[in-house]
Amino acid sequence: MADLQHLYDHPTSHKWAAHRILPLEPATSSTDEPFLKVDKKSLSIPRIHPSTFLEHLQTHVLPDVKAHFQFDRSQALRMVILRIFIIDSPYNTSLALLHGEGRNTSAIQLARTIYVAFPDNAPFVYTSNLITVGPPNAVETKSLRTLIFEGIRKALSKPRERYTLMSTGMTTRNLLALMQFRGPGRSNAAGGGWGIYAKDTPADTPLDGAARTEPLSEVSGNVKGVRQDSPLGKRMRRTGLAVPVSKRAKLLAQARFGDSARTTDGHGLERVDIVMEDPFATTSKSQPTDAGGAGEESEQSDNESTAHPSSSWRPSVRLTLQGSHVFAGIRQLVESGVIDGERMPGWLTGEDNVTTATVRDGRIRAHRGLEV
């Protein structure tokens, strides 16, 4: 097909979202809980056979929608791609178009195309956004996506073995990045500096006391110095350390990011959306009355704030980072000393492998277990 070849020639032409396949287990006898609940600790994944999956998908998913299905094996990536071309739906029939603006629109202009990718040996499913030929319709797009997701869930399931799809908070146009962060490898939960534990080098261990003498060419190479007015430059000038500022910044970036976030690694994420809900920083005014009084009062206030976290004001701040490779740009800022790598939060290194998340108390919170 021409559009599949276009997808292979231009892998960043579509926006993809990764979903985790999780089994459902029977709930307890309590009436407050649903009949089935998600088992997040289970390691079982369904075995997918293309012909059987397609038969179940046609049976359960779109009984009232005319669609064309096609499986294709990617030569560059280890995945099978399912192309769903929706020709007719209950929302673009002649009766539905009598009161709409597109009464003279042909059926091919109202067609919708969606791609579903199944990576090898991975409990994930990648879905692309709906590609429309004619003018988009928000109601139809949402309804078709719901039908497709419901069909995929039922097609993956079988008697006494049900599965569901949960959002992973990873959305990108780079299929290679999806395979790296949500694929069959060991890097799904080892992003940023934690990637050293996911390497294919079993001889490396943090318990090894022998000093490594591998040269850091990128660290000790000819690089420009850190800006003197940057936070790192001011600290280095104040402490007067013997290590050159530029080399120390490179070493710090290497420790925080590891081997990830390189401009040439091909795993670039073009957009990251973060909602920060950290408590607003306030200074408590206290006057010590005796020796140790200030410490006791401060400790009491800390305990009260810990016991009642909702009493503090948490402003909602949205942070959007855009670029060809967001985390590689942050790494370059750390190497140049613009960003203080020692005080930078861990989620800015990309160690959580998410593009949409919520930060509470300095850590990524709301990105696991979001049902689609």
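The values are calculated or read from the model by the stated rules, or taken from the named source; none is laboratory data. Please read these numbers as outputs of a predicted model, since none were measured by experiment. Note that we place each Cβ from the backbone using ideal geometry, even for glycine, and neighbour counts take in every protein chain shown.
Computed quantities for the displayed model
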read-out: Strands (runs of 3 or more DSSP E) within segment 35-152 that include 1 or more residues at pLDDT 75 or above and within 28 Å of F181 (Cβ to Cβ); value: 66-73, 79-88, 112-119, 124-128
read-out: Of all residues making up segment 147-186, the number that are more than 19 Å from I84 (Cβ to Cβ), in contact with a helix residue (DSSP H, G or I) (Cβ under 7 Å, 6 or more places away or on another chain) and of a type in the set (K, R); value: 1
read-out: Some residue of segment 328-335 being at pLDDT 90 or above and exposed (fewer than 11 other Cβ atoms within 10 Å of the Cβ); value: no
read-out: Test for S298: is it part of a helix (DSSP H, G or I) and at pLDDT below 50; value: yes
read-out: Top-ranked residue in segment 336-357 [being surrounded by fewer than 21 Cβ atoms within 10 Å (Cβ to Cβ) and of a type in the set (S, T, N, Q); ranked as farthest from L269 (Cα to Cα)]; value: S336
